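Remarks on the structure that follows.
The values are calculated or read from the model by the stated rules, or taken from the named source; none is laboratory data. None of these values were measured; they are calculated from a predicted model. No Cβ is skipped: glycine too gets one built from the backbone with ideal geometry, and neighbour counts run over all protein chains shown. Just so you know, the surface numbers come from the protein's heavy atoms only, side chains and all, with ligands and any DNA or RNA stripped out. Shrake-Rupley method; radii C 1.70, N 1.55, O 1.52, S 1.80 Å.
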Amino acid sequence: MSESTTDFRGRPIVAVTGLGVVSSLGEGVEANWSSLTAGRSGIHRINRFPIDNLRTTIAGTVDFIEVEPSISVSRSHAMARSAGTEAIRMAGLDASDFGGRLFLAAPPVELEWADRFALDAADGDAPADAGYDRLIELARQHPSPATYDNTRFGRISELLADELGVRGLPVTLSTACASGATAIQLGVEAIRRGECERALAIGTDGSVTAEALIRFSLLSALSTHNDMPEKASKPFSGDRDGFVMAEGAGALVLESLESAKARGATILGVIHGCGEKADDFHRTRSKPDGSPIIATIRAGLADAGLEPSDIDYINAHGTSTPENDRMEATSLEAVFGEALRSTPISSNKSMIGHTLTAAGAIEAVFSILTMRDGLMPPTINYDNPDPAIPLDTVPNAARRGEVRAVLSNSFGFGGQNVCLVLGREPRP
Amino acid sequence: MTDTARDVLITGIGLVSSLGEGIAAHLDLLERGSAPQPVIESERFAPYFVHPLPPIDWSTQIPKKGDQRQMETWQKLGTYAAGLALTDAGIPTDESVRSGVDMIVAAGGGERDTAVDALVMERARQSGGSGAVMNETLANELRPTLFLAQLSNLLAGNISIVHKVTGSSRTFMGEEGAGISAVSVAAARIAAGQSDICLVGAAFAAERKDLILNYEMGGLLLRSDWRSVFARRAPADGLAIGSVGVFLVLESAEHAAARSAPAYAKLTRVAGDRGPRRGEALAARLDDLIKGAPADDGLLVLSGASGIEAPTAVERQVLANTLPQAPVRAYGSLLGHSFEAQFPAGIALAAATLARGTRLPAFDSGEESPALQPARAALVTTVGHLQAEGVCLLEPVGPAGETR
């Protein structure tokens, strides 16, 4: 391996050669990027299912991709396929014969309510009382392998593996809201180990349902600013009151720089480093001193061989919950010090909402585009800054500027934290 | 793993199954000369067969009642087995040590509240399937903490909270393939120097009607007559699911030596694949996966076969062709099928068998041939019930390991 394709530790440099994205703003990189940099919101009132008796009635659902049946698994699969196909084609590869590994961040799945209701209404010899004893009896009389397939956590990756022509056993993973970043990290590690020349990292989430909204509402995690949906997600604002659930998918073709150069691929950016650290404090809250988040940021920078001063822009986790945005800002300050005030930081979630499992991958795509175009997407709805966390949030309008390195943060429920350090060009 | 890779050792095992608690208790049962009787619950879930959990005092590994209340059985089982593995590996509870331990968990989803689900269905009948009524019922009846008990990645989250393992935390999903990938990625990271020590494993709680419903929808369950895994013939084949919590501590040889930790066994190959299940395609993949296994009577094969006849028949044929002298044991006959936990559970049994030099009895003497000598190497296979195949090849580590 020539010197110019390895990093400061002698590891293969991991290039990004393809990108794909779906969000409530649209399908495809260009549609999303133009809307995002124009400061448009994709958040709207939900019309896919009844919203009566829900505390939150808004979301960033993706309703423009028709799926049959209209369930979370089909939607997550369709968006992942769309983003994955776009990324592979952008990389100049065959979208039916990718030839590398697949790391897929996908939401947990369950039997859907429509299936339970349909089975409960089926004919058959079964106990009359509603419940699982009845459903099991009826399932024996009306088996449905296709319905069972939709309850398997590995299903989406199997479908994608066949459609996109990936090699080996795909990995399906969840680290909650850090999942998309974990998928990228796994791809980077596999390439650094020399296991493969390229990997497809996808994060997808099409799981906005009534029950999902209720579950998050019961944890007081969601914004209830239902009257003006496009204004509800307001990261780092003083009146932020929770995140807005959303759907989408992001995909990156990761490739050893050596392989990318050898086949003359366009280098869109590089992954300089990844850092992670788990939190042992609480199931939904961060350790009050921020030490796991601080350790994650430091680990990402160390893996990249960079200092905070090398970071030109931060793509925030920025969920718009009171807790996250405060913890993120104070933890960043612990690492960046005074320099944080002059480092632009913005949250894509102000426009596309929180795409949960997909967020880390989508935000990595946008981070690469930020560097490519020298254009930082804004934090919209930043009308009422939180005085406790003074930040340069790139408020309300995109900003031009040279960006050579981006820190992208992802912090999950369950204490799983991942930071990616992305670069505009290889740094041997 | 390449030639320059570091050795990957198993230095800790935590295993809970219907047979009991702890890897030593499992091996004790297997050393008695004839195979133990499987423990099978055939009434509560009739006509299905479930290998249930033994009585467990959760407090011994999850001391805080507050932590226990945040989990249902699935998460408690995994957290408990993880604690057993860390204790077995002699990892001090000191936070500064545990914070350097990486973790990969293979997970499904947690328990639903079956009473609330029944209520929702009841009211849906009365309201003609009104979404408004469903929303109201769920909003009023669901316990907030249950969501966290259901989330796949919260098994790992609970292990971090209870056992202070925080080096990293990754959750892989997808039935048997998740268990295969978890061990394979953990071992590859250690071999390549990306990690020194990693807690890896899974839990599967079988006594769940919400899951039994799914499997019955797939037409996958064994019913009416229980037979050993290798004796199941279509159409009377299928899964007898079993509760299993299993975690392994994988460690680089250097890291284990530095803390004078004895090992059970060395992992020399972990690999997985997937693809079409047509007989010849599956056979070709399995052939490729098991290449490198020593073809002599010193090899023991621990097969994670599911009980579904078609793929099991292909696997047995490949083993008979390629490794004709090796005794094969289908450990699902004893533990039941445990999806995400299936592969790591086989590795746990294989590692301990090698370390003790146990000559494993046939689990079904009508289907399995006797082992003529203690194994000198072990091959663990897992052919997923519908998708994913994996193998793990293990070797003994010598005197230090044998003392375990």
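Points worth noting:
- Chain B - mean residue ellipticity at 222 nm from DSSP helices (-39,500 (n - 2.57) per run, n ≥ 4, rounded to 500): -11000 deg cm²/dmol
- For peptide A:408-416, the mean count of partner chain Cβ atoms within 10 Å of a residue's Cβ comes to 5.
- Among A:354-365, B:21-32, the order from most to least packed when residues are scored by Cβ within 10 Å on average: A:354-365, B:21-32
- Segment A:1-133: radius of gyration over Cα atoms, expressed as a fraction of 2.2 N^0.38 Å: 1.52
- Distance (nanometres) between label positions extended 7 Å along Cα→Cβ at B:GLU31 and A:SER96: 5.8
- Shape box of segment A:196-341 [Cα atoms, principal axes, largest first, Å]: 53, 37, 29
- Theoretical FRET efficiency, 1/(1+(r/R0)^6), r = Cβ-Cβ of A:THR266 and A:GLU66, R0 35 Å, to 0.05: 0.65
- Under the span-like rule (Cα at least 30 Å along the axis, Kyte-Doolittle mean at least -1.0), DSSP H helices of chain B: none
- A 1.4 Å probe run over the protein chains yields, for chain A, 31 Å² of accessible area per residue, whole-number rounding.
- Accessible area buried between chains B and A, both sides summed, probe 1.4 Å, in Å² to nearest 100: 6500
- C-alpha center-to-center spacing [segment B:27-49, segment A:393-428] in angstrom: 53
- Calculated diffusion of chain B, Stokes-Einstein form, Kirkwood radius summed over Cα pairs, 20 °C and 1.002 mPa s, µm²/s: 100
- A DSSP coil position with no more than 12 other Cβ atoms inside 10 Å describes the following GluC sites (Glu not before Pro) in segment A:1-92: A:GLU66.
- For segment B:286-404, the normalised intensity computed at q = 0.11, 0.18, 0.22 Å⁻¹ comes to -0.31, -0.88, -1.34 (log10 of I(q)/I(0), Debye sum over alpha carbons, equal scatterers, no solvent).
- Orientation-averaged projection of chain A equals 20.2 nm² [convex hull of Cα atoms, one quarter of hull surface area].
- Restricting the calculation to Cα atoms, segment A:109-261 yields a radius of gyration followed by a Dmax of 21.0, 66 Å.
- Among the listed pairs A:LYS234/A:LYS287; A:LYS277/B:LYS65; A:LYS231/A:LYS349; B:LYS266/B:LYS291; A:LYS287/B:LYS76; B:LYS64/B:LYS164, those beyond 20 Å (Cα-Cα): A:LYS234/A:LYS287; A:LYS277/B:LYS65; A:LYS287/B:LYS76
- The value given for the protein assembly as shown is a Kirkwood hydrodynamic radius of 26.7 Å, derived from the mean inverse Cα-Cα separation.
- Kirkwood-type radius of segment B:206-248, with distances r between different C-alpha atoms, in Å: 11.5
- Of the Cα atoms belonging to segment A:353-395, the radius of gyration and Dmax stand at 12.5, 33 Å.
- Only beta bridges with both residues in chain A are counted; by DSSP, about 70 percent of them are antiparallel.
- Summary of packing: across the peptides A:16-25, A:242-251, the per-residue average of other C-beta atoms within 10 Å ranks them, highest first, as A:242-251, A:16-25.
- Rounded accessible area of A:VAL62 (nearest 10 Å², 1.4 Å probe): 0
- Relative contact order [Cα under 8 Å, 6+ residues apart], segment A:79-163, whole percent: 31
- Modelled FRET efficiency - R0 25 Å, B:SER42 with B:SER369, Cβ distances, 0.05 increments: 0.30
- Over all distinct Cα-Cα pairs of segment B:202-331, the Kirkwood formula returns a hydrodynamic radius of 17.4 Å.
- In percent, rounded to a whole number, the relative contact order of chain A is 24, using alpha-carbon pairs under 8 Å and six or more apart.
- Inter-chain Cβ neighbour average for residues B:105-115, partner chain, 10 Å: 3
- Spatial offset of segment B:65-91 relative to segment A:1-68 amounts to 36 Å, using the alpha carbon center of each.
- Based on Cα contacts under 8 Å between residues 6+ apart, chain B shows a relative contact order of 24 percent.
- Ligands, DNA and RNA left out, the accessible area of the protein assembly as shown computed with a 1.4 Å probe is 49% carbon and sulfur.
- Helical segments meeting 15 Å axial Cα length and Kyte-Doolittle -0.5 threshold in chain A (DSSP H): A:72-90, A:179-192, A:291-304, A:359-373
- Centroid-to-centroid separation of segment B:304-318 and segment A:347-381 [C-alpha atoms, Å]: 47
- Using R0 = 51 Å, the C-beta based FRET efficiency linking A:ALA118 and A:ARG399 works out to 0.50.
- Summed residue charge, Cβ within 14 Å of A:ILE389's Cβ, Lys/Arg positive, Asp/Glu negative: -3
- Number of partner chain Cβ atoms within 10 Å, mean per residue of A:186-193: 3
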